[in-house]
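As structure tokens, the structure follows; a few thoughts come after it.
Computed from the coordinates by the stated procedures, all read-outs in this text should not be read as laboratory data. Bear in mind the structure is a predicted one, so any value in this text is a computation, not a measurement. Using ideal geometry, Cβ is built from the backbone for each residue, glycine included, and neighbour counts are taken over all protein chains shown.
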Amino acid sequence: MKRFAVSLFAFSLLMTGAVFAQDAAPAAVATPDAVVAPTAPAATPAPGKTLENMLTAFNGESNAQAKYTEFAKKADEEGYLGVGSLFRAAAKAEGIHAANLKAEIEKQGGKAEPKLETPVVKTTKENLEAAIAGETQETEKMYPEFKATAEAEKQDMAVILFGGAGKVEGDHAKMYAETLKDLEATKAGKKDFFVCLVCGYTAGQAPTDKCPVCMSPKEKFEKVN
């Protein structure tokens, strides 16, 4: 656990100062600025499976951002304002994950262009159930497998990105499940969520200390409702 925390702290240092996705469509996700000499040779795509896995994750996160944005609109229409807030916060987090992956993919010579699908929007209850299933699959299967492959291939930044995203997606799944237990209560009004702009960690209360995932200072959190 200590080794993982140190790695995530290194991630925080590496990513501090970067410009991450806000509420724009996934295709327009902002990425960290890079200063490259005009004569610098083009990066050669890294060998192995990890680059392909990052592209898969990037596409998934980009589509999740678009999907949750639409889920939020549907929740607002049905009067579940608290659910709308949660989906907007999750969409923000997914955009941050997509931006982080895009930066690393391009650093390794890959090309990150999302293949966006039209979100399937149903009732808010059904949308929450779909979100739980998707996030659970990512946190229990996809990201652990991607992280293990990255470790085997000694792709340190990918290990950090996959590990951090998997943790955040697991938290999202829990939030969705808790919300689903008392859906009617979310009609009381919008709810404030706080999203770490470095790693996407999402909390239901204002942070009082560092981000528990990437160790970024509380000033790196943004309120979403």
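Can you classify the range 99-168 as rounded, prolate or oblate using the Cα gyration tensor, where a ≥ b ≥ c are the square roots of its eigenvalues, rounded means a/c under 1.5, and otherwise it's prolate if a/b beats b/c and oblate if not? Don't skip to the answer; put the middle values down first.
Values: a/c = 3.20, a/b = 1.60, b/c = 2.00.
Oblate shape, in that a/c is at least 1.5 and b/c is the bigger or equal ratio.
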Once the range 50-100 is represented by equal point scatterers at the alpha-carbon sites, with solvent omitted, what log10 I(q)/I(0) does the Debye formula produce at q = 0.23, 0.30 Å⁻¹? -0.72, -0.98
List the residues of the range 183-198 whose backbone N lies under 15 Å from a point placed 7 Å from the Cα of residue 121 along the Cα-to-Cβ direction. none
With a 10 Å radius around each residue's Cβ, average the other Cβ atoms per peptide and rank 217-223, 102-108, 156-162, highest first. 156-162, 102-108, 217-223
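What do the square roots of 5 times the Cα gyration tensor eigenvalues come to for the range 82-225, in whole Å, largest first, as semi-axes of the equivalent ellipsoid? Each step should come with its number before you reach the end.
Working: eigenvalues 142, 68, 39 Å².
Output for the range 82-225: semi-axes of 27, 18, 14 Å.
Around residue 51, what is the net charge, scoring Lys/Arg as +1 and Asp/Glu as -1 over all other residues with Cβ under 12 Å from its Cβ?
Details: positive: 49, 107, 111; negative: 52, 104, 106, 153.
It works out to a net charge of -1.
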Mean Cβ-within-10 Å packing, highest first, puts peptides 91-97, 63-69 in the order 91-97, 63-69
The long-range amide H neighbours of residue 192, using H built 1.01 Å from N in the peptide plane and a cut-off of under 5 Å, are none
